[in-house]
Amino acid sequence: MQQLKAIVLKEWQTQKNSFLMPFWVLSGIYGIGLISLIYGSIRFGLPTLVTASYNDPNFAEAIWTFHYGAATAIAWLCILTTFGMSDSTLNSDHIKKCEIFHLAQPISLIKILSAKALFAVGGIFVQYLVLATVNCVVLSVISGILGIPSLSLGLNAVLNNIPYVISGLILITPLVWFANSVFRKLGAMKAGIFLAVFEVIRGLFSLSWDISLYSPLGFINRVLFKPFNVASEHVLVSMDFSKVASNMAGWRWDYTWEHLAWLMVNVLLIIASYHIYKRRNIY
């Protein structure tokens with residue numbers, strides 16, 4: 001356990017700037033918003049308070065959609081950060097010419113890779129929960145000052161996004177991890193190019209011979225864009241955050257046999273990534 005903690009700490013010390021990218025982006029947005037608010041208040045006066053009926057379904061739906069969009073943007077940012085960190089956590093030691101030193105330590109490779117995965121995936125998920133909740137509270141305070149109560153709807157929106165963050169991390173990250181195990185540089189980009197080329201070939205087969213091939217890129221798009229489909233369906237699990245149990249019971253996981261097949265493929269990709277990484281030449 002101490003070894004695992006030490007490896008995670010090492011990853012934090014070397015990858016914290018990449019790991020905190022969602023935090024820095026959100027802080028920059030807050031900074032720009034605060035400067036704009038100060039400038040607008042000086043130039044045009046303080047914002048006018050709004051009076052609205054919280055019980056109006058259309059009003060509640062609009063507020064929920066606003067919070068849900070903010071939570072989804074943070075989720076996307078966290079997932080993309082995980083993809084980027086898959087490259088840096090696996091290959092930064094090679095780039096910094098210290099790979100042989102770290103792999104020569106009396107620690108099993110499984111434990112090293114497990115710690116890297118825990119940091120890149122588990123740490124990012126925790127960061128999403130923290131940033132999405134803090135962002136919800138900040139937006140609720142601002143809207144409350146303007147006369148629009150929205151904390152319960154905001155927290156509800158954060159809860160509704162959790163299944164899709166987990167889906168994005170679990171279903172797509174192993175593919176990126178595999179690509180970065182095969183390629184020491186720009187593995188995710190090379191995997192994206194391969195999938196795009198396959199999609200073009202798939203289109204040619206469909207047009208020329210009416211042969212329908214499976215589209216991995218289409219599945220990835222469905223996983224990443226699923227939160228927008230939910231928003232378009234106006235899914236409101238519960239208006240009242242006091243009913244947390246019903247919120248969680250109403251989570252829309254929407255898993256199919258396709259997702260199960262991808263999970264099985266991901267297990268194979270993780271095993272293959274381990275053996276490829278283990279047999280890479282160290283230089």
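The values are calculated or read from the model by the stated rules, or taken from the named source; none is laboratory data. In this text, all values refer to a predicted model and were calculated from it rather than measured experimentally. Backbone-built Cβ (ideal geometry, glycine too); neighbour counts: all protein chains shown.
In this structure, does VAL165 turn out to be touching a Leu at 6+ places or on another chain (Cβ under 9 Å), crowded, with 16+ Cβ neighbours inside 10 Å and modelled with pLDDT of 80 or more? Yes, satisfied. Just a yes or no: is a residue in segment 183-202 part of a helix (DSSP H, G or I), at pLDDT below 85 and crowded, with 23+ Cβ neighbours inside 10 Å? The answer is no; no qualifying residue exists.
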